[in-house]
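What follows is a short report on a single structure.
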Amino acid sequence: MGSLKFFFKLMKGNTLLYVGAILSVAVATVFSLITPLIIKFTIDSVIEGKPIDLPIILINFIESIGGVTLIRQNLWILSIGIVTVTAFQGVFSYLKGRWSATAAENIARDLKNRLYSHLQNLPYEYHVKAQTGDLIQRCTSDVDTIRRFLTNQVIEVVRSLLIVIFSVVILLNLNVKLTLIAIITIPFIFITSFIFFLKIKKQFLLVDEKEGELSTVLQENLSGVRVVRAFGRQKFETEKFEAKNSEFKVKNIYLCKLLAYFWSCSDILSLSQVGIVLFAGVYMAVNGEISLGTLIVFTAYENMLVWPVRNMGRVLGDMGKMQVSLGRVNEILFTPKEEDTSGAISPDLKGDLVFDHVKFEYEKNKPILNGLSFSIQSGETIAILGSTGSGKSTIMHLLLRLYDYQSGSIKVNGTELRNINKKWLREKVGVVLQEPFLYSKTIKDNLKMARANVGDTEIFEATRTASVHEVIEKFESGYETIVGEKGVTLSGGQKQRVAIARTLIKDCDILIFDDSLSAVDTETDSQIRQALKERSKDVTTFIISQRITTLMEADRIFIIENGKVSDIGTHNDLIKREGLYSRIWAIQAMLEEETENL
């Protein structure tokens, strides 16, 4: 019921278009039922001279134009009548198609916009767990399934019901006995359609899920194509795709079997019904119970009656598919958006930063930060060193409020972090990741993402600080150079430096470099750090890295082990003490010496 309620909610704003489409299909249906009656009138009344046996509205119309005698003398009137009726039927069928398609396209556009907007505001944790390929399918393929249903099947339901109602009423007026024979299999067709609907809905869900898995494998492979090539994993990736494709094929074949069973059964029932009416009608016509014209009307109406009823199976099947797609779309739209704490404020963030016994865990009973405490003065440069999984990047996640800590306190310039507006916080905290993301646009467009109205002077200043201005100038198109998807046309070091420049353009109060100098050489690393120190004297800076040469010039170095600060000091202090820092320093110094001796 929830999906159907949401379905009708979607149609709001396009009600007039659908009302117009329903009225058009009603008129088109009436005109389609008139043609067989004209043929009956021609055979029974015009040719054989029998009394007119038609609905009263048609009898009055015939009398108003001169009656049967006039028509018998001018048979062309009948042909004009059939052409006119068919033309009107075509016009209203066109209006029905146009208005329903326009409404469906409007709904699909609005739904895609809602999905995209909603995804932008979902919690970071949701995107971490979600499969990108599956989300893409929900926003495209599933929305298209809903659009097709709204375009065709909603109006088809109305058309089928009108044909059944109008046909049965007219046929009952002509001959009750033959009408009962004409509708004898309709309940069986409805029962078959309903059973088919129950089966097909479950199978559509399975097929949709498998298609989502297939899309995910494809998306991941194309995104990671350089890794695949670098490790020679083409065969493995091909086999993985083939396995998912085979699973999708098996589910789809079973779906096709269900469709084949239904259509064959409904075909037998429908054709049997037409055969029964034809046999019974001929028998009754030979015995004089009905006229030849009535037999033709029954035969024509039977085809019009049975096939829409049979088509209800297709409608129900598509409804099942639509409900599956609607449910998958709803899973996104009904996921709560990321919300701020009630009464969140936007304070000045230039001030001391204090972590006080902060505890955090991604999974229950698996703590990452276990009572982390430290304090940083405004404008201080802090380096963080720790083993994998010690909680270094988690500090960044908490400072951006991508996650909220379970206990303890984090204060920025005296304000509790939980009470700071998330959007404001993220505008004031700049982050450069180890694997920065660049869009398939020009370098300048990527830089302007930080601040759309930034001028060239500020851009050049930021790129010079990041030691990438000269590199960009050497490109054939300079700052107008198009970088490939995810910046694939740039080297790892160039991407990192462009990302650093982009973050500097934000003019942040807090800067976080999460191993974001790992792809540049030590000389460039030193140049960038020196330039940053001169440029960002009032900015609190975090440098997270495993490279000692990147950390050694920081004001202080924090050693993180088991979710706590195990040691604090300058480079000269820490290399004199036993611990993680001195061990890594010794190892890296030895490797550097061996490299120089080669």
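Taking every DSSP bridge with both residues inside the chain, close to 50 percent are antiparallel.
Seen from Ser582, the other residues with C-beta closer than 14 Å to its C-beta sum to a net charge of -1, counting Lys and Arg as +1 and Asp and Glu as -1. Helical content alone sets the calculated 222 nm signal of the chain at -20500 deg cm²/dmol, taking -39,500 (n - 2.57) per DSSP H segment of four or more residues and averaging over every residue. With the convex hull drawn around the C-alpha atoms of the range 236-288, the volume per residue stands at 42 Å³.
Classify the range 13-168 from the C-alpha gyration tensor, please: rounded if a/c falls under 1.5, else prolate or oblate depending on whether a/b exceeds b/c. The shape class here is prolate.
Entry note, the chain: relative contact order of 14 percent, from Cα contacts under 8 Å with a spacing of 6+ residues. Helix 186-223 and the long axis of the chain differ in direction by around 30°, with both axes built from C-alpha atoms.
Is the C-alpha gyration tensor of the range 468-507 telling us rounded, prolate or oblate? Criteria: a/c under 1.5 is rounded; beyond that, a/b larger than b/c is prolate, otherwise oblate.
Judged from the Cα gyration tensor, the range 468-507 comes out oblate (a/c at least 1.5, b/c at or above a/b).
Summary value for the range 425-550: 37 percent relative contact order, contacts being C-alpha pairs under 8 angstrom separated by 6+ residues. Probing with 1.4 Å while keeping every protein chain in the model, the per residue accessible area of the range 120-208 equals 50 Å². For the range 123-234, a Kirkwood hydrodynamic radius built from all Cα pairs, placed in the Stokes-Einstein relation at 4 °C and 1.567 mPa s, yields a translational diffusion coefficient of 69 µm²/s. Probing with 1.4 Å while keeping every protein chain in the model, the per residue accessible area of the range 270-394 equals 44 Å². Taking the C-alpha atoms only, the angle from helix 154-174 to the longest principal axis of the chain is near 10 degrees. Along the charge dipole of the chain, Cβ charges K/R +1 and D/E -1, which of Met449, Gly13, Ile82 sits furthest on the positive end? Farthest along the dipole direction, towards plus: Ile82. In the range 252-321, the inverse of the mean reciprocal separation of distinct Cα atoms equals 13.7 Å; this is its Kirkwood hydrodynamic radius.
Each eigenvalue of the Cα gyration tensor of the range 421-502, multiplied by 5 and square-rooted, gives one semi-axis; in descending order these are 21, 15, 12 Å.
Where the alpha-carbon atoms of the chain are placed on the principal axes, they occupy 119, 51, 46 Å, in descending order.
The simple spin-label model puts a point 7 Å past each Cα toward its Cβ; for Tyr124 and His357 those points are separated by 2.5 nm. Taking the accessible area of the range 262-315, probe 1.4 Å, and keeping the other protein chains in place, the carbon and sulfur fraction comes to 72%.
Of Lys112/Lys199; Lys210/Lys235; Lys257/Lys321; Lys474/Lys506, which sit over 27 Å apart, Cα to Cα? Violating the 27 Å limit, Cα to Cα: Lys112/Lys199. Round to the nearest 10 and give me the degree value, 0 to 90, for the angle of helix 76-120's Cα axis relative to the longest principal axis of the chain. Approximately 20 degrees, to the nearest 10.
Determine by what factor the alpha-carbon radius of gyration of the range 378-519 differs from 2.2 N^0.38 Å, reporting the quotient.
1.13
Against the empirical 2.2 N^0.38 Å (N residues), the range 297-427 has a Cα radius of gyration ratio of 1.98.
The values are calculated or read from the model by the stated rules, or taken from the named source; none is laboratory data. Computed from a prediction, not measured in an experiment: that's the story for all the values here. Glycine gets a Cβ as well: all are built from the backbone with ideal geometry, and neighbour counts include every protein chain shown. Note: accessible area is taken over every heavy atom of the protein model, side chains too, but ligands, DNA and RNA are not part of it. Shrake-Rupley method; radii C 1.70, N 1.55, O 1.52, S 1.80 Å.
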